[in-house]
């Protein structure tokens with residue numbers, strides 16, 4: 001894989017998809033449908049998916065593609081692939097809360113090596129460089145072909161007596177609260193979509209536990225950005241490696257964190 005080329009393509013497609021999403025987001029109204037799993041899907045999800053999928057297939061025709069909005073791609077058995085969530089946080093999009101992202105990642109041998117997370121309504125753009133290090137590019141506007149100022153990001157050195165935790169805005173439950181309650185927490189944030197990974201990656205939070213159903217397209221890009229910033233993601237149940245290419249691309253519960261956090265077992 002030519003990682004310089006991959007970075008350019010993923011960044012450009014995420015920005016183009018973000019433009020398409022914001023056109024629909026800023027319209028007076030848009031259609032919302034319900035998928036078979038009762039989750040919402042909008043015309044923005046579908047338009048962004050079509051754009052990103054076409055772009056990735058044109059540039060990387062020999063690499064498997066998994067995308068949320070194409071059910072046929074979910075039956076593949078692959079360990080190296082591109083994976084896309086064209087609009088992560090559809091519930092936030094529908095409620096016009098802004099906490100939604102475009103996610104594109106490259107997984108090799110079950111590990112998310114490279115990724116881009118773009119939050120168009122918040123004008124924040126995170127991605128891995130060719131060498132695997134993660135950056136946040138300064139907004140509020142982004143040139144599709146010429147990157148602007150890029151600041152390296154890295155996880156915090158946490159104070160375990162005063163941890164900063166981020167959790168889901170739409171999927172918070174009692175089990176999550178009980179787990180968080182075992183830590184000395186000084187600050188609690190709520191965020192939607194893969195932005196939670198990015199808040200840990202930038203050092204704005206120390207810990208993100210997820211005790212709920214997610215799919216690999218929800219997590220791969222944010223996971224790649226977090227790992228490129230020195231963070232880690234592990235399974236919640238036994239603290240072993242969190243891998244990709246699982247059957248049906250369904251995730252177990254997980255913990256994303258800065259390595260200095262003393263995890264509760």
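The rows are residues; the columns are (1) in the same structural domain as residue 199 (by TED's automatic domain parsing); (2) modelled with pLDDT of 95 or more; (3) surrounded by 15 or more Cβ atoms within 10 Å (Cβ to Cβ).
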position: 126; (1), (2), (3): no, yes, yes
position: 132; (1), (2), (3): no, yes, no
position: 141; (1), (2), (3): no, no, no
position: 144; (1), (2), (3): no, yes, no
position: 147; (1), (2), (3): no, yes, yes
position: 168; (1), (2), (3): yes, no, yes
position: 171; (1), (2), (3): yes, no, no
position: 175; (1), (2), (3): yes, no, no
position: 178; (1), (2), (3): yes, no, no
### Query
Can you name every residue in segment 77-93 that is under 14 Å from the mean Cα position of the chain (by Cα) and either free of Cβ contacts under 8 Å to residues at least 12 places away in the same chain or buried (at least 24 other Cβ atoms within 10 Å of the Cβ) (or both)?
82, 83, 84, 85, 86, 87, 88, 89
#### Entry: Checklist (1) in a helix (DSSP H, G or I); (2) more than 27 Å from residue 69 (Cα to Cα) applied to residue 186, failing item
(1)
### Summary
Within segment 212-242, of all residues that are part of a loop (DSSP other than H, G, I, E, B) and over 15 Å from the mean Cα position of the chain (by Cα), the one surrounded by the most Cβ atoms within 10 Å (Cβ to Cβ) is 230
#### Entry: residue 194 surrounded by fewer than 19 Cβ atoms within 10 Å (Cβ to Cβ) and within 17 Å of the chain's Cα centre (by Cα)
no
### Summary
The residue from 14, 27, 54 that alone is assigned by TED's automatic domain parsing to the domain that holds residue 97, out of contact with any strand residue (DSSP E or B) (no Cβ under 8 Å at 6 or more places or on another chain) and modelled with pLDDT of 95 or more is 54
#### Entry: Answer residue from segment 180-191, given it is surrounded by fewer than 19 Cβ atoms within 10 Å (Cβ to Cβ) and under 16 Å from residue 119 (Cβ atoms) and is nearest to the chain's Cα centre (by Cα) among those
190
### Query
Does segment 192-211 hold any residues that are touching a strand residue (DSSP E or B) at 6+ places or on another chain (Cβ under 6 Å), within 27 Å of residue 71 (Cα to Cα) and either assigned by TED's automatic domain parsing to the domain that holds residue 79 or outside any helix (DSSP H, G or I) (or both), and which are they?
193, 194, 210
#### Entry: Residue check for residue 202: at pLDDT 95 or above and buried (at least 16 other Cβ atoms within 10 Å of the Cβ)
yes
### Task
Go through the residues of segment 94-114 one by one and say whether even a single one is in the same structural domain as residue 15 (by TED's automatic domain parsing), under 18 Å from residue 199 (Cα atoms), modelled with pLDDT under 95 and loosely packed, with under 15 Cβ neighbours inside 10 Å.
yes
#### Entry: Cβ pairs under 6 Å, 6+ apart, first in segment 59-72 and over 15 Å from residue 107 (Cβ atoms), second buried (at least 18 other Cβ atoms within 10 Å of the Cβ) and modelled with pLDDT of 95 or more
59/9; 69/49
#### Entry: First in segment 224-247 and more than 23 Å from residue 10 (Cα to Cα), second anywhere and part of a loop (DSSP other than H, G, I, E, B), Cβ under 6 Å, 6 or more apart
234/242; 235/242; 235/252; 236/253
### Task
For segment 112-126, enumerate the residues that are over 10 Å from the mean Cα position of the chain (by Cα) and either assigned to a loop (DSSP other than H, G, I, E, B) or more than 19 Å from residue 168 (Cβ to Cβ) (or both).
112, 113, 114, 120, 121, 122, 123, 125
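The values are calculated or read from the model by the stated rules, or taken from the named source; none is laboratory data. Bear in mind the structure is a predicted one, so any value in this text is a computation, not a measurement. Note that we place each Cβ from the backbone using ideal geometry, even for glycine, and neighbour counts take in every protein chain shown.
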